[in-house]
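What follows is a single structure, written as structure tokens, with notes after it.
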Amino acid sequence: MPKKATPAENTVNREYKSSIFAMLFRDKTKLLELYNAISGTSYTDPDMLKIVTLENAIYMGLKNDLSIVVLEIHLHLYEHQSTPNPNMPLRDLLYVADQFSDLTKDMNIYGRKQIKIPSPHFFVFYNGEEERPDRELLKLSDMYYIKEEHPALELEVVVLNINKGHNPQLMETCQTLREYAEYTDRVRRYAKEMPLKEAVEQAITECIREGILEDFLRKNRAEAMKVSIYEYDARKHIEMEKEDSYNDGFQAGKDEGYQSGRDDGMTEKARETALNLFEMGLPTDKIASAVQVSIEKVREWITENSKMTT
């Protein structure tokens, strides 16, 4: 069996900001295929789509591929992620507010005549290695401190697991998505047995031979190699950063004696660690466990930090 890759062999250019998912679906024909699969429609003209890529969707130097797909009456926000993020409803609220502001900049929103805007829909395509259900629904109201039966402002994000073996009906409807899942699965499996570069090379060669993303991989082989290596390596790096931050926070809590429940005088290091974990998308209960304070204390820090940065 070939040797496993060492950390040095897995090091890649951290400035490379792209993903196979983004490369595939920047093609309007493939994007329309995905849109139809999600919406249950059967549009045939790719020029119906207007694609807007939000450049500020950056995570650890890796573009999160958030795009806005606009038809005349619908507006879809798609984001591809390899790390679960419970804060997507808030992020999407900010994104769509900006987009509506741009769409209505030449309209009289103060007039007596009601203007019309596209109906928004929000989707996350998840293909991380953490086990997740086929479908999840994230609600903005779940983030509120106080739960209300009928919140005045709601936003729902549908998270779809696009790993191989998940969402079979969606995969059957969207061939490109099904082949992408197969390719990703092979890269991961082979990377456990051989250096990452060799794993990606083998996955690409096999997929071309078997007709999986064949045209795309033939035309973009060199770039697909770089992007796949970067994606996989960056994902592993993010997970290691999370684990290190979690352990640092736990140790900071122990050093200050907070396992006994005392949370006054928490060190700045522990507070900083908690905020870093929050930015990485960890839920507040996990953060509280890591830094050995109450959930209320974590929420207090998050609120204070939010006020300082606005």
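The values are calculated or read from the model by the stated rules, or taken from the named source; none is laboratory data. Note that this is a predicted model, so its numbers are computed, not measured. Reconstructed Cβ throughout: ideal geometry from the backbone, glycine too, with neighbour counts over all protein chains shown.
Worth pointing out:
- Extreme residue, surrounded by the fewest Cβ atoms within 10 Å (Cβ to Cβ), among residues of the range 125-159 that are among the β-branched types (Val, Ile, Thr) and modelled with pLDDT of 95 or more: Val158
- Pair list, Cβ < 9 Å and 6+ apart or interchain, from the range 266-286 residues that are under 16 Å from Met143 (Cα atoms) and acidic (Asp, Glu) to residues that are surrounded by 20 or more Cβ atoms within 10 Å (Cβ to Cβ) and modelled with pLDDT of 70 or more: Asp285/Val298
- Looking only at the range 213-228, and only at residues there that are without any contact (Cβ under 8 Å) to a residue 40 or more places away in the chain and within 24 Å of the chain's Cα centre (by Cα), the one that is surrounded by the most Cβ atoms within 10 Å (Cβ to Cβ): Leu217
- Every residue from the range 258-285 that is of a type in the set (D, E, K, R), at pLDDT 75 or above and out of contact with any Phe, Trp or Tyr (no Cβ under 7 Å at 6 or more places or on another chain): Glu272, Glu279, Asp285
- Any hit, the range 134-157, residues being free of Cβ contacts under 8 Å to residues at least 12 places away in the same chain, assigned to a helix (DSSP H, G or I) and among the aliphatic types (A, V, I, L, M): no
- All conditions in (1) of a type in the set (A, V, I, L, M); (2) under 24 Å from Glu206 (Cα atoms); (3) out of contact with any helix residue (DSSP H, G or I) (no Cβ under 8 Å at 6 or more places or on another chain) hold for Val187, with the sole exception of (3).
- Residue within the range 126-146 that is under 23 Å from Ile295 (Cβ atoms) and either touching a Ser or Thr at 6+ places or on another chain (Cβ under 7 Å) or among the polar types (S, T, N, Q) (or both) present: yes
- Which numbered condition Lys164 fails, given (1) at pLDDT 95 or above; (2) surrounded by fewer than 14 Cβ atoms within 10 Å (Cβ to Cβ): (2)
- Yes/no for Met171 being modelled with pLDDT under 95 and among the aliphatic types (A, V, I, L, M): no
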